[in-house]
1. Could you tell me the calculated FRET efficiency between LEU229 and LEU22, based on Cβ-Cβ distance and R0 = 51 angstrom, to the nearest 0.05?
2. How far is helix 104-125 tilted, in degrees, relative to the longest principal axis of the Cα atoms in the chain, given as a value from 0 to 90 rounded to the nearest 10?
3. How much length would be gained if the chain were fully extended between VAL65 and ASN127, taking 0.36 nm per residue of separation minus their Cα-Cα distance, in nm to one decimal?
4. Can you find, among GLY221, ALA299, LEU183, the residue farthest towards the positive end of the dipole of region 179-311? Put +1 on the C-beta of Lys and Arg, -1 on that of Asp and Glu.
5. How big is the Rg/Rh ratio for region 39-178, C-alpha atoms only, Rh by Kirkwood, two decimals?
6. Using only Cα atoms, tell me the angle between helix 220-243 and the longest principal axis of the chain; keep it within 0 to 90° and round to the nearest 10.
7. Quick one: grab Rg to one decimal and Dmax as a whole number for region 179-311, Cα atoms only, in Å.
8. Quick one: Kirkwood hydrodynamic radius for the chain, alpha-carbon pairs, angstrom, one decimal?
Amino acid sequence: MTGSTPIRTETSNTRPAADRRLGRRLLRVARPRQWTKNVLVLAAPVAAGQWLPGEEVVRLAIVLVLFIGVSVSVYFLNDCVDVEDDRRHPVKRYRPIAAGEVPLPLALAIGFFLAVASLTLASQLCNWRTTALLCTYVLVQAAYCLFLKQVALIDLATVASGFLMRAMAGGLALDIPLSRWFLVTTGFAALFAVAAKRYSETVGMGQDGGTRDVIRRYTEGYLRFVWQLAAMVTVVAYGLWALDERPRTDEGTLLWRQLSMLPFVFGVLRYAMFAERGVAEAPEDVVWRDRALGLLALAWVALYGLAVSGL
């Protein structure tokens, strides 16, 4: 009788421990460090220079949470589709699904559930434009996971479109008109980051060292041309917006907006340094770890805040 007690104790403790380990592995698949990308839903209201009442802040928070839900569902689908390729990758082979730590059927079920739940909630809590945008995001990113990632150039545009749709979401949720300069600046800034990421992958792994066939269709020179062109268009579009006198007639507001070009341009140039070195494979790491980029971002926020406040 006494010999069986430790066995029962061990068995009762093993299950919760296993559940906790599985929970941590599922969280790794969800990539919480990349959830910061979804803060882009605030971009349109910020660009419009509007102070939002409490009700609209709540609506923005809902859209932010829903975008986290659909983006996480795409991460699960992507890792399921790429499981064999990831196992051949020197870094991605440690992802929980590729390493066999998370069962493939469970990951697929969770990804499907998150997508359906997020879109269902969007249909109940958001306007039809926001719901349509979220549906489009899921469909486009699912197509990317399944086949578009193997089509050269289209793969870059598809990933960049995900950032653009995030940036559009806040405006659609609050019925804020999206200016052409906002769309051009955001779209090409996203293409800049995506092309720099792919360039860094090519530099680090080599054309024959990657796990995707599409990598072999790019050269370092071509990818460098793409991110440099995208960076140039981003800077020009932002400059044209900042110098445009039509949105505001107040000279002080216009001055602060024009001065905001300085930290913006130097921020692009600073990020380009990492892109040129081939170490921009993880954009979120570059942004969060580089102190100079952080200071430039704070300077831009301060100047843009002054422009919005009309001081």
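1. Working: r = 45 Å, r/R0 = 0.88.
Rounded to the nearest 0.05, the efficiency is 0.70.
2. Computed tilt is about 40 degrees.
3. Values: separation 62, 0.36 × 62 = 22.32 nm, distance 1.52 nm.
Here the answer is 20.8 nm.
4. About the Cα centre, the residue reaching furthest to the positive side is GLY221.
5. 1.03
6. Rounded to the nearest ten degrees, it is 50.
7. 16.9, 56
8. 21.4
Every number in this text was worked out from the coordinates using simple rules, so none of it is lab data. Please read all numbers here as calculations on a predicted model, not as lab measurements. In this analysis, Cβ positions are derived from the backbone assuming ideal geometry, glycine residues included, and neighbour counts consider all displayed protein chains.
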